[in-house]
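Okay, so here's the structure we're looking at.
Since every read-out is calculated from the coordinates, none of them should be taken as a lab result. Here the structure is a predicted model, which means the values were calculated and not measured. Cβ coordinates were reconstructed from backbone atoms using ideal geometry, including for glycine residues, and neighbour counts include every protein chain displayed.
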Amino acid sequence: KKKLLTIDKQMATQRGNRGKMVRVALVGYTNVGKSTLMNVISKSEVFAENKLFATLDTTVRKVVVKNLPFLLTDTVGFIRKLPTQLVESFKSTLDEVRESDLLLHVVDIAHGSFEDHIASVNKILSEIDAVDKPTIMVFNKIDQYVAEDYDPEDLLEERTTAHYSLEEWKRTWMAKMGENVVFISAIEKENIESFKKKVYDQVREIHVKRFPYNAFLFPDWEELIKSEEE
């Protein structure tokens, strides 16, 4: 407990020293690929492994997408029914999430219980008053997604969401989330440019509200791409 108090003080001091940079936090169930995604976008080497709780501390990196800087935090993976002994251990992570400006809610869409995982994460976000923050839903591991086989001629078999293709999933409740949804594979770097565009647009919007006089420094994504091509 003494060590945790020391860590909390250190993290609080670090957060206080970061100035007014836009803060973005990766959140999600454990083992959904947050650290892999952080490595892709920040080009840093954060420990990433395919197992529960590969990340137990909080990692913060300064990230620049195109010319726009912001702070990106990789947090410990959430789980359903978090044991009370671990709640204090996660306090620093939860503080990072609570004080962030934008959440990247990473979901392992290849996991059969991904909808339950989303509900578990949203429950924890609600408990720490962070559920209403601007959020981009990042459905990761599309390279691993496989729908269960379905035989329409088998009258005893009922078609469920387990038989949905990715395109069918995109037409469900996911369609109601508008522009704040992206489907990627962090490990295969699939659709990463679309992901970066969404992050850039959201961070830019927050930054310009905070520093209106900086608006000219960060043009729209389309303008940036056009100038690069020229």
Taking amide hydrogens as modeled 1.01 Å from N in the peptide plane, which residues meet the under 5 Å criterion relative to Tyr29, leaving out close sequence neighbours?
Phe78
What share of all Cα pairs of the stretch 143-230, in percent, falls into each consecutive 5 Å distance bin?
2, 11, 14, 15, 15, 12, 9, 7, 5, 4, 3, 2, 1
Extension gain (nm, one decimal) between His163 and Lys20, 0.36 nm per residue minus Cα-Cα
46.9 nm
Length gained, Ile142-Lys176, 0.36 nm per residue minus C-alpha separation, equals 10.3 nm
Between the stretch 189-220 and the stretch 95-151, what's the alpha-carbon centroid distance in Å?
22 Å
Eligible aspartates and glutamates near Lys226 by straight Cα distance, threshold 17 Å, same-chain separation 8 or greater
Glu193, Asp201
Please compute the net charge surrounding Trp221, taking Lys and Arg as +1 and Asp and Glu as -1 over other residues with Cβ under 14 Å from its Cβ.
-3
12 Å beta-carbon shell around Asp129, net charge (K/R +1, D/E -1)
-2
Difference of contour (0.36 nm per residue) and Cα-Cα distance, Ile128 to Phe211:
27.1 nm
Entries in Lys176/Lys196; Lys62/Lys176; Lys133/Lys176; Lys66/Lys123 that, when Cα-Cα distance is taken, lie over 26 Å:
Lys62/Lys176; Lys66/Lys123
Cα point-scatterer Debye curve for the stretch 88-181, base-10 log of I(q)/I(0) at q = 0.19, 0.21, 0.24 Å⁻¹:
-0.98, -1.11, -1.31
